[in-house]
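Reading through the structure tokens given below for one structure.
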Amino acid sequence: MAEGPRGHLVFACGGSLYAVPAERASEVVNLPVLTRVPGAAPHLLGVFAHRGEVLPVIDLARLIGKPVDEIFKRVVLVRVGKGAMAFTATKVIGVAPIEGAPPRLGESGALAFMHGPARVPAGECAAIEPEGLLEYLSRGR
Amino acid sequence: MASVDGVVLCVVSGARLAVSADQVDAIATAEGPVWDAGVAFGATSDPAGRALQCLGRLIRFDSIDVVATVGLPVLPVPAALVNTAHGALTGFVELSGTLWPLVALDRLLGFLEARSR
């Protein structure tokens, strides 16, 4: 039986649209003051404490090597079984269905955990596979 | 929740690091061969800063303060950061509403050595 459309939270970052499964997006909050982390990769902007938990803030544009000239005002909190993380967002678009399973955007690196192009009413986006992306990020560098 | 008794708070290039006091052999002047903690933030520490002695080696910071609080709660490291800086992050402590990354000095030394190669 074919899979039906899954609701995704769509947001903009670095001039591109991204989407995370709606059931994994736990909150959208204003970007707080961040604490720098030693040895952090450029895409890890820092961490902040939220409801008794430390959350890493990931800049998706830097993560996939896109130039960044925007100021982020919000973060999308994403929670999977292994933990939580926050993605920078310039604008939160809303929830939209994504049909089927678009192909991976890359064979390695973070792009291996992004699928697209996926059509949403606001345009084309990259659908993030949060479990895989968190696993990739936890390998460190 | 895990806790720590006594921390040494270190600032380098505007960034904060906390170290469990039991890992520190001494707080010393940063004279002679030192490892620069600023490297962990892509910067350089103040040459006139202070140093922590650990395993017979010195790590230099801009400033160092000791906080004797007992039973300070340690927030766990997020999954995305477990291997950052050679796994030197062991948690986070919150003091007066400010978050401090808690690091293992021996692993931080390993990271600084690797970065300097």
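Table for the structure above
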| item | result |
| --- | --- |
| Selected residue [under 25 Å from B:LEU58 (Cα atoms), more than 7 Å from every other protein chain (Cβ to nearest Cβ) and in contact (Cβ under 8 Å) with a residue 60 or more places away in the chain] from B:LEU72, B:LEU95, B:LEU109 | B:LEU109 |
| Single condition B:VAL8 does not satisfy, out of (1) surrounded by fewer than 18 Cβ atoms within 10 Å (Cβ to Cβ); (2) farther than 20 Å from A:LEU55 by Cβ; (3) among the hydrophobic types (A, V, I, L, M, F, W, C) | (1) |
| Where B:SER116 falls short, out of the listed (1) surrounded by fewer than 18 Cβ atoms within 10 Å (Cβ to Cβ); (2) touching a Leu at 6+ places or on another chain (Cβ under 6 Å) | (2) |
| Subset tally (residues that are open to solvent by 90 Å² or more (accessible area, probe 1.4 Å) and in contact with a Ser or Thr (Cβ under 6 Å, 6 or more places away or on another chain)) for segment A:62-78 | 0 |
| Qualifying residues in segment B:76-85 (those that are at the interface with chain A (Cβ under 7 Å from one of its Cβ atoms), surrounded by 20 or more Cβ atoms within 10 Å (Cβ to Cβ) and without any contact (Cβ under 8 Å) to a residue 40 or more places away in the chain) - the one farthest from B:VAL4 (Cα to Cα) | B:ALA80 |
| Spans of strands (runs of 3 or more DSSP E) in segment A:14-76 with at least 3 residues more than 14 Å from chain B (Cβ to nearest Cβ) | A:16-21, A:25-30 |
| Considering residues of segment A:50-61 that are over 18 Å from A:VAL10 (Cα atoms) and in contact (Cβ under 8 Å) with a residue 12 or more places away in the chain only, the residue most open to solvent (accessible area, probe 1.4 Å) | A:GLU53 |
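Each row is one residue, and each column tells you yes or no for (1) over 17 Å from A:ILE64 (Cα atoms); (2) in contact with a strand residue (DSSP E or B) (Cβ under 9 Å, 6 or more places away or on another chain); (3) touching a residue at least 24 places away in the same chain (Cβ under 8 Å); (4) outside any strand (DSSP E or B).
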{"residue": "A:GLY100", "(1), (2), (3), (4)": "yes, yes, yes, yes"}
{"residue": "A:GLU107", "(1), (2), (3), (4)": "no, no, no, yes"}
{"residue": "A:HIS115", "(1), (2), (3), (4)": "no, yes, no, no"}
{"residue": "A:ALA126", "(1), (2), (3), (4)": "no, yes, yes, no"}
{"residue": "A:LEU134", "(1), (2), (3), (4)": "no, yes, yes, yes"}
{"residue": "A:LEU137", "(1), (2), (3), (4)": "no, yes, yes, yes"}
{"residue": "A:GLY140", "(1), (2), (3), (4)": "no, no, no, yes"}
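The values are calculated or read from the model by the stated rules, or taken from the named source; none is laboratory data. Note that the coordinates shown come from a computational prediction; the quantities given were computed from them, not determined experimentally. Note: ideal-geometry Cβ built from the backbone for every residue, glycine included; neighbour counts use all protein chains shown. All accessible areas refer to the heavy atoms of the entire protein, side chains included, with ligands and DNA or RNA removed. Shrake-Rupley method; radii C 1.70, N 1.55, O 1.52, S 1.80 Å.
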